[in-house]
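Please treat every number below as a calculation from the coordinates, not as lab data. Only a predicted model underlies this, so the values are computations on that prediction, with no experimental measurement involved. Cβ sites come from the backbone with ideal geometry, for glycine too, and all protein chains shown count toward neighbours.
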Amino acid sequence: MSTEPFCPPSPSGSGAATVLLALSLFFAPSVGAADQDPLELQKIMQELGEQMQLVAGAISREDWEAVAEAAPRIAKHRAPPFTEKARIMAFLGSHAAEFRAADRQAHDAAMKMGAAAQRRDGEGVIQAYAEVQQACLACHQAHRAEFRAHFYGSAP
Ligand code: HEC
């Protein structure tokens, strides 16, 4: 004890301190940089993917009612919770406007798809469907890899 000036008073305390230190070292580099929990955004994206698949199936059946119902669900998808949105916006920084614009592009194309479905305009639906896909792809190509690297610490 006397030869160890930094030795804590009790062995149990020392153990706890070591565990705490180990935990803090383990988690320190990941705070705000590589949270392993999937973003709620990822769940929202999966829902968007499902809706797009549903639309593709509906187009094949010429089920324009189903397309008209799904289109606004794609256009007006829910937003992540406030705190996550703040983290995303902080991460995007000067790219936030660009990210929002990409989201608006997908929104507008989906609304156009819904309007075409209401007119039972199959060609129009297909054209707008392609525009939606282009908007999805453009945002993914611009942002997905950086998102994954930043929030999960991994390549896509
Ligand atoms: C404004 C940008 C943006 C737009 C627009 C966008 N996405 Fe995404 N998407 C992302 C980001 C960022 C990720 C990565 C999220 C993550 O891994 O946490 C992603 C991931 C995904 C994933 C993968 C989810 C998983 O399980 O890893 C799917 C599926 C997806 N998007 C579907 C779509 C569809 C369909 C559309 C168009 C209707 C769309 N996205 C439009 C930004 C966008």
Q: Could you pull out which residues in the range 55-79 have an amide N less than 12 Å from a spot 7 Å beyond the Cα of GLN134, following the Cα-Cβ vector?
A: none
Q: Add +1 for every Lys or Arg and -1 for every Asp or Glu among the other residues with Cβ under 14 Å from the Cβ of ARG61, and state the total.
A: -3
Q. So what's the net charge close to GLN141: Lys and Arg +1, Asp and Glu -1, counting the other residues with Cβ under 15 Å from its Cβ?
A. -1
Q. What net charge is computed for the residues neighbouring ARG119, neighbours being all others with C-beta under 14 Å from the C-beta of ARG119, Lys and Arg scored +1, Asp and Glu -1?
A. -2
Q. Across the range 88-95, in residue order, what do the Karplus-derived ³J(HN,Hα) couplings come to in whole Hz, using 6.51 cos²θ - 1.76 cosθ + 1.60 with θ = phi - 60° and x for Gly and Pro?
A. 5, 5, 5, 5, 5, x, 6, 8
